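*Asks:* Let me begin by handing over the structure; questions about it come next.
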Amino acid sequence: YEGHLLPEVFQNQIVHCDPGPSVVRAYPVQPDGAGYSAEIVNIAVGTRDAWFRPADVCVAPDGSLFVTDWYDPGVGGHNQGDLQRGRIYRIAPAEQRYQVPSHDFSTPEGAVEALKNPSLAVRYLAWTALFEQGSSAIGPLEKLWRDDNLRYRARALWLLGKIDGGGPAYVKQGLADKEPDIRITALRLARQLEMDVAGIVAGLADDTSLAVLRECAIALRGIPTKQAAELWSQLAEKYDGQDRWYLEALGIGAHGQWDACLQAWLDRVGDEWHSGPGRDIIWRSRAEVTPNLLAELITDPNTSQEDRKRFYRSLDFTSGQKKNSTLFQLALWKGSPDQTEAQRLINTEAVKRLPAFSWEKQPKLAEAVQNVLAWHEGTEQFVELVNRFRVASAFPALVGMLADTDDRQAAVMAATCLVEHQQQDLIRAALATDDEEQTVRIIQTLAASRDGRILPCLLPMVHDHDLSLTVRREVARAMAQTRRGAELLIGFAREDRLDPALREAVAAELNSARWGPLREEAAKLFPLPKAAGDVPVPTLNQLVRLRGDAQRGKKLFAATGTCAKCHKVQGQGTEIGPDLSQIGTKLSPQALYESILYPSAGISHNYEAYNLVTESGTVLSGLLVSQDASSVTLKTEDNIVHAIPRADIDVFTPSTVSLMPADLHKVLSVEQLADIVAYLQTLR
């Protein structure tokens with residue numbers, strides 16, 4: 001849009017559709033231009049139609065509103081059920097019938113009149129016509145330029161500045177205007193016309209409008225001159241520590257020339273850079289001296305713990321030798337006796353970011369790492385540091401974490417770290433304990449790691465009749481969590497080498513295995529029982545006619561249906577699949593049945609599964625948490641996060657199959673299925 005102005009709809013309000021009964025929000029422009037405050041305006045409410053889902057809005061040529069209605073029976077998935085259907089609503093006073101107004105674009109006067117239209121389509125035609133008419137359009141446009149309507153004036157200025165070389169003169173007029181939005185429009189026009197932007201900013205640097213000053217900062221981007229750096233420092237000095245957008249505008253303007261800009265500002269403010277606003281500017285800066293300045297703020301006794309974390313996050317955006325030197329300095333920093341908590345945080349955050357170093361050549365840094373490890377033993381942070389620095393002396397402590405049930409994520413990370421560093425002998429020793437409960441907890445932790453490298457520790461145990469049946473059953477379940485382990489169990493069953501006492505445990509795991517061919521083979525060796533109630537599942541059309549009991553469904557959701565193992569409802573459950581707290585407002589009964597019976601037909605966005613195989617044989621399937629050049633992180637259906645180094649990955653591909661079980665209905669009767677759907681419909 002022209003300059004700083006918003007679309008002209010309902011006077012000073014920008015209209016935006018929002019799903020739900022209150023479908024339109026109006027955002028009045030604040031007088032100082034510092035931002036926007038929101039107020040809900042109920043332009044249209046779908047009380048009689050629960051499937052009214054406004055998706056977009058625009059202004060029609062006659063000034064009425066057009067609202068598109070996304071009518072998809074599976075909202076939130078990828079079924080694309082709205083490709084051949086949908087609705088468009090027109091909102092206008094009852095007496096105003098729709099009629100496209102006629103405009104005369106052939107004359108400057110007619111095109112100028114059309115330029116006032118709130119419809120973008122009409123304005124585009126008007127702008128194009130006036131631009132092509134050239135000098136003959138200047139008179140009518142200058143009349144519009146003198147209009148009382150701010151938006152009309154901005155549109156006129158934008159056109160006048162681009163017709164027949166008159167730009168500089170109109171830019172000068174705009175810069176002298178009393179309205180901040182017009183001054184902003186003029187500055188943007190000057191940038192497009194490639195005028196002396198630095199010189200123009202110099203004339204605006206003392207403007208009384210924060211919006212204008214923000215625009216000045218942004219305009220300096222890419223001007224590598226001493227004058228631009230000085231102007232930036234002048235603008236930075238005006239930052240009051242309150243306007244977050246002003247700070248970001250300074251960051252945008254200094255991009256690519258931080259060294260010059262920051263130094264000019266430091267020369268200007270002197271010791272005042274330690275102030276609240278100054279700290280924000282250092283936090284946002286990316287200059288070569290930034291790491292040193294951040295270190296000074298981090299170690300300042302007046303800095304809060306939260307601000308120390310914030311400054312470390314800023315340090316993450318810097319690079320180079322100065323950053324590394326700063327991290328070494330912070331890792332070794334020691335405060336006064338009353339700064340114990342500060343020292344722990346400062347040392348820990350630095351150690352977490354240390355580049356590789358020689359433990360033999362830099363014993364002080366090695367000691368710093370050991371100190372941090374001692375502070376965080378038993379935590380995820382402890383495991384990460386042991387793994388990163390290969391601290392062999394800490395491996396026994398990792399073994400001690402395997403039976404930890406309070407922090408299961410940390411325990412699983414410890415197991416993965418141990419096998420990564422080939423410490424299977426330590427794991428075997430831990431499993432040899434006489435404490436059966438502890439042994440079972442360790443086996444469950446190993447199973448949750450899904451790491452194929454645990455098999456050498458488990459395989460001898462499955463055949464060891466000196467062990468209790470409880471332990472051996474747990475071993476069998478753990479083996480089934482890896483593909484190679486599942487193959488071995490199937491082989492044992494096929495060759496009649498599987499202890500009959502283990503068959504039920506193995507059958508329960510393999511009949512729900514993640515690998516299709518193995519699941520099919522398991523179904524032959526370990527036939528599933530009949531479906532619940534021995535009743536065929538009806539068609540979808542028949543299912544939607546059923547009336548379930550929501551109270552019974554709520555209990556089934558958490559018990560027999562096992563839904564709570566992967567879904568949260570109002571804060572209860574596990575967040576692996578989508579949160580279902582408001583699913584009743586998003587999916588129709590038919591869509592709910594489809595999601596249960598055919599979960600892979602429409603996988604919700606951001607919940608697509610990925611398959612990963614490592615060179616050592618570990619097989620994982622789960623949701624993609626993050627990935628970068630060095631690693632891939634997946635969350636498996638048991639809510640465990642696995643970070644796998646890229647160098648270890650053999651196969652990494654998206655899955656066409658949902659993580660949600662495809663045969664959930666087999667453990668539910670038709671009536672129970674209807675009860676669960678009835679319960680889900682109440683979640684709003």
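*Asks:* Can you give me the angle between helix 258-269 and the longest principal axis of the chain, using Cα atoms only, in degrees from 0 to 90, rounded to the nearest 10?
*Replies:* Long axis of 258-269 versus the principal axis of the chain: about 70 degrees.
*Asks:* If a paramagnetic tag sat 7 Å from the Cα of Trp245 along the Cα-Cβ line, which residues of the stretch 177-200 would have the backbone N under 17 Å from that point?
*Replies:* Flagged as within label range: 179-188.
*Asks:* To continue, here is another question. Expressed as an acute angle from 0 to 90° and rounded to the nearest 10, what is the orientation of the C-alpha long axis of helix 226-237 relative to the principal long axis of the chain?
*Replies:* 70 degrees
*Asks:* OK, next. Using only protein heavy atoms and a 1.4 Å probe, report how much of Thr379 is accessible, in Å² to the nearest 10.
*Replies:* 50 Å²
*Asks:* What ³J(HN,Hα) values, in whole Hz, does the Karplus curve 6.51 cos²θ - 1.76 cosθ + 1.60 give for the stretch 451-466 when θ = phi - 60°, with x put for Gly and Pro?
*Replies:* Result, ordered by residue: 8, x, 6, 7, 4, x, 7, 9, 3, x, 6, 5, 9, 8, 6, 6 Hz.
*Asks:* With the Cα gyration tensor of the chain in hand, convert its eigenvalues to equivalent ellipsoid semi-axes via √(5λ) and list them largest first in whole Å.
*Replies:* Details: eigenvalues 675, 346, 71 Å².
Gyration-tensor ellipsoid for the chain: 58, 42, 19 Å.
*Asks:* While we're here: Keeping all protein chains in place and using 1.4 angstrom, which order do Asp466, Asp267 fall into by accessible surface area, from largest down?
*Replies:* On the way: Asp466 145, Asp267 115 Å².
Largest accessible area first, the residues go Asp466, Asp267.
*Asks:* Another question, if that's okay. How much length, in nm to one decimal, is gained on full extension between Arg313 and Arg90, taken as 0.36 nm per residue of separation minus their Cα-Cα distance?
*Replies:* Result: 75.4 nm gained on full extension.
*Asks:* While we're here: Report the trypsin sites (Lys or Arg not before Pro) located in the stretch 103-159 that are in a DSSP loop and have at most 11 other Cβ atoms inside 10 Å of their Cβ, or state none.
*Replies:* Numbers: sites: Lys116, Arg123, Lys143, Arg146, Arg151, Arg153, Arg155; in loops: Lys116, Arg146.
In loop regions of the stretch 103-159 (DSSP not H, G, I, E or B), the sparsely surrounded trypsin sites (Lys or Arg not before Pro) are Arg146.
*Asks:* While we're looking at this one, here's another question. Please report the spacing between the Cα centers of the stretch 550-574 and the stretch 240-313 in Å, no decimals.
*Replies:* The distance from the Cα centre of the stretch 550-574 to that of the stretch 240-313 comes to 48 Å.
*Asks:* While we're looking at this one, here's another question. Roughly how many Å² is the accessible area per residue of the chain, as a whole number, for a 1.4 Å probe?
*Replies:* That works out to 50 Å² per residue.
*Asks:* Between 0 and 90 degrees, rounded to the nearest ten: what's the tilt of helix 150-160 against the longest Cα principal axis of the chain?
*Replies:* 80 degrees
*Asks:* Please report the carbon-and-sulfur percent of the accessible area for the chain; probe 1.4 Å, protein heavy atoms only, DNA, RNA and ligands left out.
*Replies:* Answer for the chain is 50 percent, counting heavy atoms of protein chains only.
*Asks:* Report the label-to-label distance for Val289 and Arg390 in nanometres (one decimal), using points 7 Å from each Cα along the Cα→Cβ vector.
*Replies:* About 4.0 nm, to one decimal.
*Asks:* Which of the peptides 382-389, 653-660, 311-318 is most tightly packed, and how do the rest follow, judged by the mean count of other Cβ atoms within 10 Å per residue?
*Replies:* So the order, starting with the most tightly packed, is 382-389, 311-318, 653-660.
*Asks:* Kindly provide the helix-only [θ] at 222 nm of the chain, computed as the sum of -39,500 (n - 2.57) over DSSP H runs of four or more divided by all residues, to the nearest 500 deg cm²/dmol?
*Replies:* -14000 deg cm²/dmol
*Asks:* Still on this structure, please answer the following. With r defined as the distance between the Cβ atoms of Gln339 and Ser275 and R0 fixed at 30 Å, what FRET efficiency is calculated, to the nearest 0.05? Write down the numbers at each step before the final one.
*Replies:* Details: r = 22 Å, r/R0 = 0.74.
Efficiency computed from Cβ-Cβ geometry: 0.85.
The values are calculated or read from the model by the stated rules, or taken from the named source; none is laboratory data. A quick note: this is a predicted structure, and the numbers were derived from the prediction, not measured. When we count neighbours, we look across all protein chains shown, and the Cβ atoms used for this are built from the backbone with ideal geometry, even at glycine. SASA here: full protein model, heavy atoms, side chains in, ligands and nucleic acids out. Shrake-Rupley method; radii C 1.70, N 1.55, O 1.52, S 1.80 Å.
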